[in-house]
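Each remark here refers to the structure printed beneath this line.
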């Protein structure tokens, strides 16, 4: 089963941007569970795109103006939600931010 | 042979209470499909209604129903052209055999059966508490969506949606179907305890129709609680819950009079209380309390023990009970606990002390639509001799209640209050 871990945090989380993952990546790779991962530049550098009535609508900034923003992501393979939850709980970002676990459809 | 239609109906009803959860739990394990399991269980019961009048009631209804549901699942899967491997797996699933060994696998084996697995999955923390409770009552106890909705003061469509979403989440997010590993058990247990207690209450005072005591549901809750206590001897809250259930259950026979009307605790014939169950409940509670980790179930059991061990209603230790409810409110700050606290204060210090607490609760609107709120206010007013107001409050409670026995009790009180008004 494949899950997306969305690593979210408020502005204070930016201070952790250079922390690395404290061996989490290596550990997950060793288990053969890590499909992809990446840290993101701050939401101020985001651009959003929509097409409505064949009109291209562009705006600066993130999709939703919320306090917590996506700072990174991981795609992992786990047996079930319990295993994914334990993996997310081990991620260093869980200690200062929030990790949202989203199962892939099918 | 034509078996009496009434007898068949009774047998199917009985089998439904006894076997529904077991049939569903086993089918989920083998098919991995919750909707299919429920559907096939339902079909099996429908088939029983058709076949048993002609063929006679089988000696082991549970085995008959599980086999019928399994065969139905194979048919459905075959039509869906599921792979041969899956079909073989379902066909080979462990069935309750037509032998006495099946009896042995009830509550003395210490081995968690499929229903325990189902319970832990239904109570998974990834589901909302409401969803966990609804799902357990639906899949394990076989309550209808309407009954569950009534128990939680929600509408039927809301409850139906809740159940669908919960099952989708289990399937799509892949919530495992298992008893959690040892290191996860402590954090998963409270959810299971909460659901068991609700299950017990559903059996103790059914929410619709005339059968106020659906003994089997309470017995099932007690049975599963005993399994839990055995599995987790160091979890005092599990023991506290078991003690609480036993202490309530001990008073079952005294709760209704000969015509099926509710008898209040005060008026119950204490000779009808089961001394053995009370003794067991108190002993289990005392052992649990020795862990020194009090929790909501142990406190509620302590309250029940105060009632169960009082020789007469007059000699009930109400100040102690009021103090325990105060403590309980710290763990469970719910309006129902507040209402019970108000009742206890009314008993400990007089109706004049309890009435303002009930009125404040009513003003907050937190229990709007809950019949026991106006019923409690009515009792305080009656005891204060304010009969016209009491009569109005009894009328209000009557409009909100749905069980016949409660309606009769409230009508009797209303007549008394009206006569003295």
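Consider all pairwise Cα distances in the protein assembly as shown and report the whole-number % of them above 44 Å. When every Cα pair of the protein assembly as shown is considered, 30 percent fall beyond 44 Å. Remark: spin-label model distance residue B:291-residue A:89 equals 1.9 nm, labels positioned 7 Å along the Cα→Cβ axis.
Spacing of the modelled spin labels on residue B:402 and residue B:256, each 7 Å from Cα toward Cβ, amounts to 1.8 nm.
For chain B, the mean residue ellipticity at 222 nm estimated from helices alone is -22500 deg cm²/dmol, where every DSSP H run of n ≥ 4 contributes -39500 (n - 2.57) and the total is divided by all residues, rounded to the nearest 500.
Can you give the Rg to Rh ratio for chain B, taking only C-alpha atoms and Rh from Kirkwood?
Ratio value, two decimals: 1.00.
Applying D = kT/(6 pi eta Rh) to the stretch A:2-103, where Rh is the Kirkwood radius over alpha-carbon pairs, T corresponds to 4 °C and eta to 1.567 mPa s, the Stokes-Einstein value obtained is 88 µm²/s.
Where the alpha-carbon atoms of the stretch B:1-96 are placed on the principal axes, they occupy 42, 22, 20 Å, in descending order.
Give me the angle, in degrees from 0 to 90, between the Cα long axis of helix B:61-79 and the longest principal axis of the Cα atoms of chain B, rounded to the nearest 10. Long axis of B:61-79 versus the principal axis of chain B: about 60 degrees. Against chain B, whose longest principal axis comes from its Cα atoms, helix B:156-172 is set at around 50 degrees.
Treating r as the C-beta distance of residue B:81 and residue A:31 and R0 as 45 Å, the FRET efficiency rounds to 0.80. Taking the inverse of the mean 1/r over every pair of distinct Cα atoms in the stretch B:317-420 gives a Kirkwood hydrodynamic radius of 13.9 Å.
Hull volume per residue, based on the alpha-carbon atoms of the stretch B:280-357 and their convex hull, is 83 Å³. Angle of helix A:81-90 to the longest C-alpha principal axis of chain A, folded into 0 to 90 degrees and rounded to 10: 90°.
Distance between the 7 Å Cα→Cβ label points at residue B:275 and residue A:96: 6.7 nm.
Here residue B:161 and residue B:416 are evaluated by their C-beta separation; at R0 = 51 Å the FRET efficiency comes out at 0.75. For residue B:172 and residue A:41, the FRET efficiency from 1/(1 + (r/R0)^6), where r spans their Cβ atoms and R0 equals 35 Å, is about 0.65. Pairs of alpha carbons in the stretch B:113-209 separated by more than 16 Å make up 52% of all such pairs.
A short reminder: the numbers here are calculations on the coordinates, not readings from a lab. Here the structure is a predicted model, which means the values were calculated and not measured. Neighbour counts run over all protein chains shown; Cβ positions are idealised from the backbone, glycine included.
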